[in-house]
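Below is one structure, written out as structure tokens; comments come after it.
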Amino acid sequence: DMSKVTAQIGQKHYITTIRSSGNEIVADEPRAEGGEDAGFAPDELLAASLAACTSITLRMYADRKAWPMESVEVEVNFERDSVAKTSTIVRRIKFFGTLDDEQKHRLLQIADKCPVHLVLTHPITIQTALA
């Protein structure tokens, strides 16, 4: 399954409109980087993808098992070390409801199986070409 988005930027620093087949969001840089902070920064969008995918995967699993998970909160911190050329993602998951420790432990294992987690932890190829 291929996901397609289009990002378009005009003359204005650095407001970018991102469109999918039926949705639209805005990306920008923070003021400290010369933007207007009018939307998620690109790094935040990457972190948001993991947080959203994790949340959805956990909701689907808990529903399938009929477990008493009222809600889940996923916090993702993404840091790049440009010198070492490494990135670190720290994901913290907080469950709400009456889940027992065994269920929580299983859900943490399931979090590592969400599609975006798998993309970020497996080899990836990016092909760039003129449109």
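A few remarks follow.
- Ordered by 1.4 Å accessible area with all protein chains kept, Met69, Met60 run largest first as Met60, Met69.
- List Thr88, Thr16, Thr125, ordered by accessible area with a 1.4 Å probe, largest first: Thr125, Thr88, Thr16
- Pairs of lysine residues in the chain - Cα separation under 18 Å, sequence separation of 8 or more or cross-chain: 5
- Fraction of accessible area attributable to carbon and sulfur, the chain (%, probe 1.4 Å): 52 percent
The values are calculated or read from the model by the stated rules, or taken from the named source; none is laboratory data. Predicted model only: the values in this text are computed from it and were never measured. To get the accessible areas, we keep the full protein, side chains included, count just its heavy atoms, and leave off ligands, DNA and RNA. Shrake-Rupley method; radii C 1.70, N 1.55, O 1.52, S 1.80 Å.
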